[in-house]
């Protein structure tokens with residue numbers, strides 16, 4: 001099956017129909033590396049040949065190139081079970097390329113380094129209210145945090161292959177933040193403001209900086225960390241603002257312009273409280289962090305997102321009536337919005353992320369109650385509501401993981417950058 005797909009996917013010369021050798025090598029690299037990445041145990045070269053339909057000679061040449069390019073490493077051999085030398089398995093390298101994930105949110109900055117195997121190597125957070133700052137001042141602070149993360153990666157022998165930056169707002173083409181209402185940003189050119197910084201320098205065809213919505217990257221982070229079988233879900237990031245990432249069949253759904261998932265601005269009370277976006281009765285005004293704190297009698301408490309969530313969880317655990325009522329009200333409003341999304345998209349899982357994750361024991365019951373009451377198919381297809389695996393780390397982890405995923409999907413870009421050694425290994429054998 002893999003060999004048939006391979007032959008269908010390669011490029012051909014329009015006149016002769018001949019397969020271009022460079023395209024075939026590029027495809028073989030991707031096929032083998034993806035197999036290694038998806039394997040539940042380190043596969044041998046022989047197992048890769050059997051699984052892909054490629055010859056052993058081709059697999060050996062491809063693997064040699066991947067090892068030379070620091071994308072793959074040989075694992076310790078399995079214990080001997082018979083005669084002969086045991087085959088060495090292959091794993092993704094942990095000392096080669098890595099991704100840098102960054103996040104700008106209303107009350108914190110974050111940086112995360114993820115290696116090719118998916119392991120989080122460093123995670124840094126700086127707490128600050130960024131609303132009084134200009135976009136340029138906020139990004140200067142972010143650049144300083146990114147430099148710390150980069151230095152930590154270098155000490156580990158890693159090479160940063162790119163950066164993904166999460167922003168709580170609408171991101172257009174070229175990294176232009178059209179609107180981030182809770183930060184007060186409008187038409188902010190992030191790549192332009194970071195021009196001259198290493199984050200924005202071109203790196204041999206690998207995008208140096210990708211700017212995306214924080215809820216989208218948080219959903220990718222959850223997909224990266226979620227248990228097997230979690231291919232479709234709605235991930236909701238509950239901070240001062242509320243965003244959602246929609247994952248369908250293992251793929252992030254972005255919408256026509258990349259602006260999907262603004263669940264925080266779905267109206268739950270059409271004539272209700274005014275919102276920073278200019279609308280009325282938005283979910284954010286009833287289930288956002290500041291709304292919950294105010295309802296719990298903690299209005300004006302200067303608490304960062306994770307501290308606020310911890311404080312609310314502690315009070316709820318102690319049975320504080322005001323906090324329990326605030327969380328019940330927020331959960332009900334959240335359930336109304338979620339029910340609309342589930343009716344539209346037929347999703348079976350809702351993931352509560354960000355500041356919602358530690359509050360899931362109290363938010364989930366009213367969400368489930370509203371979904372059960374409002375979703376047409378709920379009687380036959382119950383919806384699971386669970387906390388995110390990564391909590392508040394999701395966006396930064398998801399951003400970093402998206403960088404290394406690009407390398408797994410198209411390793412030739414990294415190998416070209418890695419230098420002539422990998423290229424020579426790839427050209428020594430031409431078996432198909």
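The values are calculated or read from the model by the stated rules, or taken from the named source; none is laboratory data. Note that the structure is a prediction, hence the values are computed from the model and not measured. Here the Cβ positions follow ideal geometry from the backbone for every residue, glycine too, while neighbour counts run over all protein chains shown.
When residue 159 is tested against the conditions (1) in contact with a helix residue (DSSP H, G or I) (Cβ under 6 Å, 6 or more places away or on another chain); (2) surrounded by 15 or more Cβ atoms within 10 Å (Cβ to Cβ), the lone failure is (1).
For region 339-350, check the following and say yes or no: at least one residue is closer than 21 Å to residue 168 by Cβ, under 26 Å from the mean Cα position of the chain (by Cα) and not assigned by TED's automatic domain parsing to the domain that holds residue 107. Walk me through how you get there before you give the answer.
Within region 339-350, the subset closer than 21 Å to residue 168 by Cβ is 341, 350.
Within this subset, residues satisfying the condition of being under 26 Å from the mean Cα position of the chain (by Cα) are 341, 350.
Among the residues that remain, those that are also not assigned by TED's automatic domain parsing to the domain that holds residue 107 are: 341, 350.
Yes, the conditions are met somewhere in region 339-350.
One line per residue, one yes/no per condition, for (1) modelled with pLDDT of 90 or more; (2) in the same structural domain as residue 337 (by TED's automatic domain parsing); (3) surrounded by fewer than 21 Cβ atoms within 10 Å (Cβ to Cβ); (4) part of a strand (DSSP E or B):
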position	(1), (2), (3), (4)
235	yes, yes, no, yes
240	no, yes, no, no
244	yes, yes, no, yes
247	yes, yes, no, yes
257	no, yes, yes, no
276	no, yes, yes, no
286	yes, yes, no, no
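In this structure, residue 394 does not satisfy being free of Cβ contacts under 8 Å to residues at least 60 places away in the same chain, surrounded by 14 or more Cβ atoms within 10 Å (Cβ to Cβ), in contact with a strand residue (DSSP E or B) (Cβ under 8 Å, 6 or more places away or on another chain) and within 15 Å of residue 234 (Cβ to Cβ).
Assess whether residue 329 counts as being farther than 27 Å from residue 172 by Cα, surrounded by fewer than 21 Cβ atoms within 10 Å (Cβ to Cβ) and within 30 Å of the chain's Cα centre (by Cα). For residue 329, the condition - farther than 27 Å from residue 172 by Cα, surrounded by fewer than 21 Cβ atoms within 10 Å (Cβ to Cβ) and within 30 Å of the chain's Cα centre (by Cα) - is met.
Can you confirm whether residue 272 is in contact with a helix residue (DSSP H, G or I) (Cβ under 7 Å, 6 or more places away or on another chain), surrounded by 14 or more Cβ atoms within 10 Å (Cβ to Cβ) and at positive phi? Steps first, answer last, please.
Values: in contact with a helix residue (DSSP H, G or I) (Cβ under 7 Å, 6 or more places away or on another chain): yes; surrounded by 14 or more Cβ atoms within 10 Å (Cβ to Cβ): yes; at positive phi: no.
It is false that residue 272 is in contact with a helix residue (DSSP H, G or I) (Cβ under 7 Å, 6 or more places away or on another chain), surrounded by 14 or more Cβ atoms within 10 Å (Cβ to Cβ) and at positive phi.
Condition test on residue 347, is it modelled with pLDDT of 95 or more and touching a helix residue (DSSP H, G or I) at 6+ places or on another chain (Cβ under 9 Å)? Spelling it out, it is not the case that residue 347 is modelled with pLDDT of 95 or more and touching a helix residue (DSSP H, G or I) at 6+ places or on another chain (Cβ under 9 Å).
For region 163-190, filtered to residues that are within 30 Å of residue 69 (Cβ to Cβ) and at pLDDT 90 or above, the residue that is surrounded by the most Cβ atoms within 10 Å (Cβ to Cβ) is 166.
Does residue 369 satisfy the condition of being in the same structural domain as residue 310 (by TED's automatic domain parsing), modelled with pLDDT of 90 or more and crowded, with 20+ Cβ neighbours inside 10 Å? Walk me through it before giving the result.
Numbers: in the same structural domain as residue 310 (by TED's automatic domain parsing): yes; modelled with pLDDT of 90 or more: yes; crowded, with 20+ Cβ neighbours inside 10 Å: no.
Judged against the criteria, residue 369 is not a match.
Residue 144 passes every criterion in (1) touching a residue at least 24 places away in the same chain (Cβ under 8 Å); (2) more than 16 Å from the chain's Cα centre (by Cα) apart from (1). Take the residues in region 10-60 that are more than 27 Å from residue 94 (Cα to Cα) and touching a helix residue (DSSP H, G or I) at 6+ places or on another chain (Cβ under 6 Å), then tell me which one is modelled with the highest pLDDT. Top of the filtered list is 53. Residue 336: touching a helix residue (DSSP H, G or I) at 6+ places or on another chain (Cβ under 8 Å) and surrounded by fewer than 24 Cβ atoms within 10 Å (Cβ to Cβ), yes or no? Here the answer is yes, as residue 336 does meet what is asked. Counting the residues of region 307-342 that are without any contact (Cβ under 8 Å) to a residue 40 or more places away in the chain and within 14 Å of residue 263 (Cα to Cα) gives 2. When 231, 195 are checked against the criterion of being in a loop (DSSP other than H, G, I, E, B), at pLDDT below 95, over 16 Å from residue 399 (Cα atoms) and not assigned by TED's automatic domain parsing to the domain that holds residue 119, 231 stands alone in meeting it. In region 304-318, the count of residues that are on the phi > 0 side of the Ramachandran plot and either within 22 Å of the chain's Cα centre (by Cα) or part of a loop (DSSP other than H, G, I, E, B) (or both) is zero. Of all residues in region 92-120, those satisfying the criterion of being outside any strand (DSSP E or B) and within 30 Å of residue 32 (Cβ to Cβ) are 93, 94, 95, 96, 116, 117, 118, 119.
Among the residues of region 121-128, is there at least one that is in a loop (DSSP other than H, G, I, E, B) and over 14 Å from the mean Cα position of the chain (by Cα)? For region 121-128, residues in a loop (DSSP other than H, G, I, E, B) and over 14 Å from the mean Cα position of the chain (by Cα): present.
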